[in-house]
Amino acid sequence: MSARETAIAALHGRLVASLAIRNPAPIVLRGETIPQRIPPGGLVVVRDGETVEETAILSPLAWQVEHRAEVEITVAGATPAARNALLDALLVDVAAAIAANRTLGGAVEWAQPGSASFEDVEFEGAAAARAAAIPITLWFTVAGSPLA
């Protein structure tokens, strides 16, 4: 398993474990398409994202990698206030989960959530939904090739 894959899997695992205590708990997926119906606890999708920067470290050769994953959160609710309240609570919980373990169990050297971007979306069976995307920057070191 590559260092990038290990980092993304650790982020997904951390969010699954941390958000499972919510009632109702959101569904946490990794790299999947959004289902047509949003569950009552919301939906969290971890996307792979892109590598932002690779910096060579010499003697021995290694690469410091900055990779940006994305966490998408989508919630539905009867009123705008209900949607906003659930979305805010999930945003806080995602940030708290990462802040509680910045190394994601040793999979990365540092994980840092960024600023969320928001949008209103429509789903079948829901009057309206609210979504947010949070970039999560992951820093890790790879020995040898940055593709390892």
>> For region 38-62: of the residues being hydroxyl-bearing (Ser, Thr, Tyr) and not in a loop (DSSP other than H, G, I, E, B), which is surrounded by the most Cβ atoms within 10 Å (Cβ to Cβ)?
In response: Thr51
> Can you pull out the residues in region 108-129 that are at pLDDT 90 or above, crowded, with 17+ Cβ neighbours inside 10 Å and assigned to a strand (DSSP E or B)?
Replying inline: Ala111, Pro113
> Taking region 72-86, which residues are at pLDDT 90 or above and in contact with a helix residue (DSSP H, G or I) (Cβ under 6 Å, 6 or more places away or on another chain)?
Replying inline: Ile73, Val75
> Out of Ala89, Ala97, which single residue is under 24 Å from Arg14 (Cβ atoms), crowded, with 19+ Cβ neighbours inside 10 Å and at pLDDT 95 or above?
Replying inline: Ala97
> Can you name every residue in region 23-33 that is free of Cβ contacts under 8 Å to residues at least 60 places away in the same chain and part of a loop (DSSP other than H, G, I, E, B)?
Replying inline: Asn23, Pro24, Ala25, Gly31, Glu32, Thr33
> Are any of the residues in region 71-83 within 19 Å of Glu122 (Cα to Cα), touching a residue at least 40 places away in the same chain (Cβ under 8 Å), of a type in the set (Gly, Ala, Ser) and assigned to a strand (DSSP E or B)?
Replying inline: yes
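The values are calculated or read from the model by the stated rules, or taken from the named source; none is laboratory data. Values in this document were obtained by computation on a predicted structure and should not be read as measured data. Cβ atoms come from the backbone with ideal geometry, glycine included; neighbour counts cover every protein chain shown.
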